[in-house]
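Colleague: Below is a structure I'd like to ask you about.
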Amino acid sequence: MAHPPPEGLAAGSLPAGLSDAQARRRLLTDGPNALPATREHNLLRLSAALLGEPVFLLLIAASAVYWVLGDPHEALLLLAFVLVAIAITISRQQKTERVLASLHALASPRTLVVRDGSIRRIPGREVVVGDLLILEEGGRIAADGRLIEAHDLLVDESLLTGESVPVKKGVGDPVYSGAMVAQGSALAEVRATGPATEIGKIGKSVAHIAPTPSPLQREIAFLIKRFAALGLLLSLLLVVLFGWMRGD
């Protein structure tokens, strides 16, 4: 469906853009203009990883000791603490994944492009390299590109740079996927889509970062291991002394 050009862009002066056939070929070659899907954590795998933490291992070991000593109430209480902590951690992980999914949706909005000489609104996933994006006030940029026409353009790039003040852009300047047009209108030629965009590169680099424990977590794990070893040593010493003094 054809759309009129935004204020500042004259329909008669717009280039013809890609043809539908060219766009389909490039879409097949380059893939959709979308960020890689976030990997959801398996609940069983996440629970197993949590149970491997020293704090949880200590609680489970203490629960087993209480059970062997004939105090099931204390054993069940400690196990309840473990289950509550696991439930809280899983809930926080799911909230984080929902936020990431929302950001993923922001990176692929519907957008206006020039195809076969007419302006059309298409899903952001279908934008390809070489497309001509029409940028209008309040719209989110669907792909990385370079401006070939600009009219009083201000772009909010806080999603990428963290800067709260919109940046003035002119002809020849780059624009980035995920940024929002705060003022004006423009025409941009797409140079990169999907994972090849700047926001896509950031997403890929973050995905390859292995999570490392914080200094507090390392210190707690160190103390737990030391106190567990000390507790086992004292317990064995108590057994030896009891047997030596009582002969039992």
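Colleague: Would you check which residues across segment 72-116 are modelled with pLDDT of 85 or more and not in a helix (DSSP H, G or I) and list them?
Modeller: If the condition is that a residue be modelled with pLDDT of 85 or more and not in a helix (DSSP H, G or I), then 111, 112, 113, 114, 115, 116 are the ones that fit.
Colleague: Say whether the condition of being in contact with a Ser or Thr (Cβ under 9 Å, 6 or more places away or on another chain) and hydroxyl-bearing (Ser, Thr, Tyr) is met by at least one residue in segment 178-190.
Modeller: no
Colleague: Related question: Is one or more of the residues making up segment 152-160 touching a Phe, Trp or Tyr at 6+ places or on another chain (Cβ under 6 Å) and surrounded by fewer than 19 Cβ atoms within 10 Å (Cβ to Cβ)? Talk me through it step by step, then tell me what you get.
Modeller: Applying the first criterion (touching a Phe, Trp or Tyr at 6+ places or on another chain (Cβ under 6 Å)) to segment 152-160 yields 160.
Okay, now just the ones that are also surrounded by fewer than 19 Cβ atoms within 10 Å (Cβ to Cβ), so 160.
Within segment 152-160, one or more residues are touching a Phe, Trp or Tyr at 6+ places or on another chain (Cβ under 6 Å) and surrounded by fewer than 19 Cβ atoms within 10 Å (Cβ to Cβ).
Colleague: Look through 172, 130, 178 and report the one residue that is in a loop (DSSP other than H, G, I, E, B), more than 24 Å from the chain's Cα centre (by Cα) and closer than 19 Å to residue 194 by Cα.
Modeller: Of the residues listed, the single one that is in a loop (DSSP other than H, G, I, E, B), more than 24 Å from the chain's Cα centre (by Cα) and closer than 19 Å to residue 194 by Cα is 130.
Colleague: Within segment 55-71, identify whether any single residue is loosely packed, with under 13 Cβ neighbours inside 10 Å, among the hydrophobic types (A, V, I, L, M, F, W, C) and at pLDDT below 70, and answer yes or no.
Modeller: The answer is no, given that none of the residues of segment 55-71 is loosely packed, with under 13 Cβ neighbours inside 10 Å, among the hydrophobic types (A, V, I, L, M, F, W, C) and at pLDDT below 70.
Colleague: Can you tell me how many residues within segment 118-144 are small (Gly, Ala, Ser), touching a Leu at 6+ places or on another chain (Cβ under 9 Å) and either modelled with pLDDT of 90 or more or closer than 15 Å to residue 200 by Cβ (or both)?
Modeller: Matching residues across segment 118-144 total 3.
Colleague: For segment 153-175, check the following and say yes or no: at least one residue is of a type in the set (A, V, I, L, M, F, W, C) and free of Cβ contacts under 8 Å to residues at least 24 places away in the same chain.
Modeller: Checking segment 153-175: at least one residue is of a type in the set (A, V, I, L, M, F, W, C) and free of Cβ contacts under 8 Å to residues at least 24 places away in the same chain.
Colleague: Shifting gears a bit: Looking at 47, 63, 91, which one is among the polar types (S, T, N, Q), outside the structural domain of residue 227 (by TED's automatic domain parsing) and over 22 Å from the mean Cα position of the chain (by Cα)?
Modeller: After ruling out the rest, the residue left standing is 63.
Colleague: Next up: Given the criterion free of Cβ contacts under 8 Å to residues at least 60 places away in the same chain and closer than 19 Å to residue 17 by Cα, identify the matching residue among 146, 140.
Modeller: The match here is 146.
Colleague: Any residue at all in segment 178-199 that is surrounded by fewer than 16 Cβ atoms within 10 Å (Cβ to Cβ) and free of Cβ contacts under 8 Å to residues at least 40 places away in the same chain?
Modeller: No, because not a single residue in segment 178-199 is surrounded by fewer than 16 Cβ atoms within 10 Å (Cβ to Cβ) and free of Cβ contacts under 8 Å to residues at least 40 places away in the same chain.
Colleague: Which condition from (1) more than 20 Å from residue 112 (Cβ to Cβ); (2) without any contact (Cβ under 8 Å) to a residue 40 or more places away in the chain; (3) over 20 Å from the mean Cα position of the chain (by Cα) is the one that residue 221 breaks?
Modeller: Status for residue 221: all satisfied but (2).
Colleague: Further question: Say we look at segment 221-248 and pick out the residues that are surrounded by 10 or more Cβ atoms within 10 Å (Cβ to Cβ) and aromatic (Phe, Trp, Tyr); which of these is nearest to residue 65 (Cα to Cα)?
Modeller: 227
Colleague: Counting only residues that are among the polar types (S, T, N, Q) and part of a loop (DSSP other than H, G, I, E, B), which one in segment 36-51 is modelled with the highest pLDDT?
Modeller: 42
The values are calculated or read from the model by the stated rules, or taken from the named source; none is laboratory data. Just so it is clear, the structure is predicted and the values come from calculations on it, not from any experiment. FYI the Cβ positions are ideal-geometry reconstructions off the backbone, even for glycines, and counts take in every protein chain you see.
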